[in-house]
1. Determine by what factor the alpha-carbon radius of gyration of the stretch 32-74 differs from 2.2 N^0.38 Å, reporting the quotient.
2. Taking every pair of alpha-carbon atoms in the stretch 2-58, give the share separated by more than 16 Å as a whole percent.
3. Could you work out the relative contact order of the chain? I mean the mean sequence separation of Cα pairs under 8 Å and 6+ apart, divided by the number of residues, in percent.
4. Using only Cα atoms, tell me the angle between helix 93-107 and the longest principal axis of the chain; keep it within 0 to 90° and round to the nearest 10.
5. If I take R0 = 35 Å and measure r between the Cβ atoms of residue 35 and residue 70 in this structure, what FRET efficiency does the formula 1/(1 + (r/R0)^6) give, to the nearest 0.05?
6. When the chain is fully extended, how far beyond the present Cα-Cα distance does residue 104 get from residue 86, taking 0.36 nm per residue of separation?
7. Suppose we look only past 13 Å in the calculated P(r) of the stretch 54-109. What percent of the Cα-Cα pairs does that tail hold?
8. Enter the angle in degrees (range 0 to 90, nearest 10) between the Cα long axis of helix 45-58 and the first principal axis of the Cα atoms of the chain, meaning the one along which they spread out most.
């Protein structure tokens, strides 16, 4: 576990990791990492644009974290099944909608 924690900490917090990884799977969110990338002339233009866009969006500090209730991941499947019940099986949309909300209410905690 200490090795895993060190690995995660490095890629989350160390500017050297930001330079090495170049936001390859998403824009680095730490200020130190962002500054390291913006200060490096080798940073690709697309990464720079992403960092600048992130800075614009977050500059007013009015961003709150999103939280989802337990069971949230089941909603896409319930919604798909509801759509198929209406479009492919000809079920009554009002009845299917009621079933969707009943099942969603049972699933979400």
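Values quoted throughout were computed directly from the atomic coordinates according to the rules given, and no laboratory measurement underlies them. Source: prediction; values computed, not measured. Note that we place each Cβ from the backbone using ideal geometry, even for glycine, and neighbour counts take in every protein chain shown.
1. Numbers: Rg = 15.2 Å, N = 43, 2.2 N^0.38 = 9.2 Å.
Here the Cα radius of gyration is 1.65 times the empirical estimate.
2. Numbers: 584 of 1596 pairs.
Considering the stretch 2-58, 37 percent of its Cα-Cα pairs are separated by more than 16 Å.
3. Values: 65 pairs, mean separation 20.0, N = 109.
For the chain, the relative contact order is 18 percent.
4. 50
5. Details: r = 37 Å, r/R0 = 1.06.
For R0 = 35 Å, the calculated efficiency reads 0.40.
6. Numbers: separation 18, 0.36 × 18 = 6.48 nm, distance 1.72 nm.
That pair, residue 104 and residue 86, stretches by 4.8 nm at full extension.
7. Working: 1028 of 1540 pairs.
Of all Cα-Cα distances in the stretch 54-109, 67 percent exceed 13 Å.
8. So the helix axis and the longest Cα principal axis differ by about 70 degrees.
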